[in-house]
Amino acid sequence: MLELIDLTKKYSDKIVVDGLSLKARQGEIVGLLGPNGAGKSTTVSIISTILAPDSGEIWVDQQLLKPSSCEVRRIMGIVPQELALYEALSAMDNLEFFGTLYGMSGNVLKDRAREVLELMGLYDKRHQSIQEFSGGMKRRINMGIALMHNPKLLILDEPTVGIDPQSRNHILETVKGLKREFGTTVIYTTHYMEEVEYLCDRVAIMDHGKLIAYGTKEELQKSSEALDTLTLAFQPTGQEYTEDAAQIPGIAKITMDKNEMSLLVDPKEGNVIEILDQLRYLGIQLTSFQYEKVNLEQVFLQLTGKSLRD
Ligand SMILES: Nc1ncnc2c1ncn2[C@@H]1O[C@H](COP(=O)(O)OP(=O)(O)O)[C@@H](O)[C@H]1O
Ligand SMILES: [Mg+2]
């Protein structure tokens, strides 16, 4: 549905998008995950033809994208990172205004504006002007505008930054619903790992303008060297277990703290049940344990050497 081939963009001497290639299949939600400054918004601007790349190609629905190609652009809906709304106009008027830019008119326009307001959960507030809206409600209208012309490909740029949990959930659920009910292809740009874990079929991790990993969450976890964490509490017996425990296959690192130990477990070779059995065999009397699968944050840390939240 969307294919980026070797996209590059420089600002004076600084490479902001660096040979980015990426394919999104019809009906999948692809997360574009990267820290601030990774080049996500620049990539979105290039796809929306606001910005010309220095090199590379974009294919949408098997057609080469050019700034002049209106047909191709109609397939896409773009939700920009910065709000693009008329504050003095009502929610309904904003949707209708942007709908007319897509050539919609008459009852088709009015019906669609109503539908979109319902979809975004703001139909009751349709006559209120945008300046009376909360940040989250504005974000929902910002998204609604991109949906007016029923795009087959929806690209959202950090749509939930700094908003209330209710609006955030609404946006996440709407994205899921679009995929489920209409088979919409979605590119979801964010630096929130939890959103990507919740929403996305595949994750593209971007840093310094480059794609550094792409795959399902499970594929990324497998391919990275990041480890699972097993935290155990045990009855103190005065005995030292560290050395013996270190011999157990699958345990990569042990940190002891009084009657608690934290283990890094290699998911490729560590079988948690077996590790627990072996620890008990050493005489350790476990009182509780907690097992955490490696998450995208750790995968990211492993791949880039830094935290997503830096
Ligand atoms: N118009 C511009 N002129 C110069 N540098 C820019 C411009 N826009 C973005 N940049 C730089 O490009 C890099 C990537 O920015 P951006 O695409 O906004 O990243 P992200 O959306 O991932 O936070 C940043 O270092 C930013 O400062
Ligand atoms: Mg951005």
Query - Verdict on residue 11 being away from ligand 2 (no atom under 16 Å from the Cβ) and among the hydroxyl-bearing types (Ser, Thr, Tyr) - result: no
Requested in this report: Can you tell me which residue among 269, 274 is modelled with pLDDT under 90, in a helix (DSSP H, G or I) and either surrounded by 12 or more Cβ atoms within 10 Å (Cβ to Cβ) or of a type in the set (Asp, Glu) (or both)?
Outcome: 274
Requested in this report: Would you point out the residue of region 74-89, among those that are surrounded by fewer than 21 Cβ atoms within 10 Å (Cβ to Cβ) and within 23 Å of the chain's Cα centre (by Cα), that is nearest to ligand 1 (Cβ to nearest atom)?
Outcome: 81
Query - Any chance residue 30 is of a type in the set (A, V, I, L, M, F, W, C) and either buried (at least 18 other Cβ atoms within 10 Å of the Cβ) or assigned to a strand (DSSP E or B) (or both) - result: yes
Report task. Considering every residue within region 232-239, establish whether at least one is of a type outside the set (Lys, Arg), crowded, with 17+ Cβ neighbours inside 10 Å and modelled with pLDDT of 85 or more. Result -> yes
Query - Where residue 231 falls short, out of the listed (1) closer than 25 Å to residue 29 by Cα; (2) touching a residue at least 40 places away in the same chain (Cβ under 8 Å); (3) not aliphatic (A, V, I, L, M) - result: (1)
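Taking into account only those residues within region 44-67 that are within 18 Å of residue 186 (Cβ to Cβ) and part of a loop (DSSP other than H, G, I, E, B), which is nearest to the chain's Cα centre (by Cα)?
Among those that are within 18 Å of residue 186 (Cβ to Cβ) and part of a loop (DSSP other than H, G, I, E, B), it is 48.
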Query raised in the report: Restricting attention to region 14-27, does a residue exist that is away from ligand 2 (no atom under 16 Å from the Cβ), under 19 Å from the mean Cα position of the chain (by Cα) and farther than 24 Å from residue 150 by Cα?
Result: yes
Query - Checklist (1) in contact with a helix residue (DSSP H, G or I) (Cβ under 8 Å, 6 or more places away or on another chain); (2) touching a residue at least 40 places away in the same chain (Cβ under 8 Å); (3) more than 8 Å from ligand 1 (Cβ to nearest atom); (4) more than 19 Å from residue 217 (Cα to Cα) applied to residue 49, failing item - result: (2)
Report summary line: Scanning region 250-299 residue by residue, those of a type in the set (S, T, N, Q) and either more than 25 Å from residue 193 (Cα to Cα) or over 29 Å from the mean Cα position of the chain (by Cα) (or both) turn out to be 255, 259, 262, 271, 278, 285, 287, 288
Query - The listed residue being crowded, with 20+ Cβ neighbours inside 10 Å, in contact (Cβ under 8 Å) with a residue 60 or more places away in the chain and among the β-branched types (Val, Ile, Thr), out of 171, 187 - result: 187
Report task. For region 18-35, enumerate the residues that are touching a residue at least 40 places away in the same chain (Cβ under 8 Å) and not hydrophobic (A, V, I, L, M, F, W, C). Result -> 18, 19, 21, 25, 26, 27, 28, 31, 34, 35
Requested in this report: Could you tell me which numbered condition residue 49 fails, if it satisfies all but one of (1) surrounded by 15 or more Cβ atoms within 10 Å (Cβ to Cβ); (2) closer than 29 Å to residue 306 by Cβ; (3) more than 16 Å from ligand 2 (Cβ to nearest atom)?
Outcome: (2)
Requested in this report: Just need a number here: residues in region 156-176 that are of a type outside the set (Ser, Thr, Tyr), assigned to a helix (DSSP H, G or I) and within 16 Å of the chain's Cα centre (by Cα).
Outcome: 8
Query - Selection from region 189-239 of residues that are of a type in the set (S, T, N, Q) and not in a helix (DSSP H, G or I) - result: 189, 190, 216, 224, 229, 231, 235, 237, 239
**Report entry** Complete set of residues in region 184-195 that are within 16 Å of ligand 1 (Cβ to nearest atom) and farther than 21 Å from residue 267 by Cα
**Finding:** 187, 188, 189, 190, 191, 192, 195
Requested in this report: Scan (1) of a type in the set (Lys, Arg); (2) touching a strand residue (DSSP E or B) at 6+ places or on another chain (Cβ under 7 Å); (3) more than 17 Å from residue 49 (Cβ to Cβ) for the single condition residue 125 breaks and write down its number.
Outcome: (2)
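The values are calculated or read from the model by the stated rules, or taken from the named source; none is laboratory data. Source: prediction; values computed, not measured. Because the Cβ atoms are built from the backbone with ideal geometry, glycine has one as well, and the counts that use them run over all protein chains shown.
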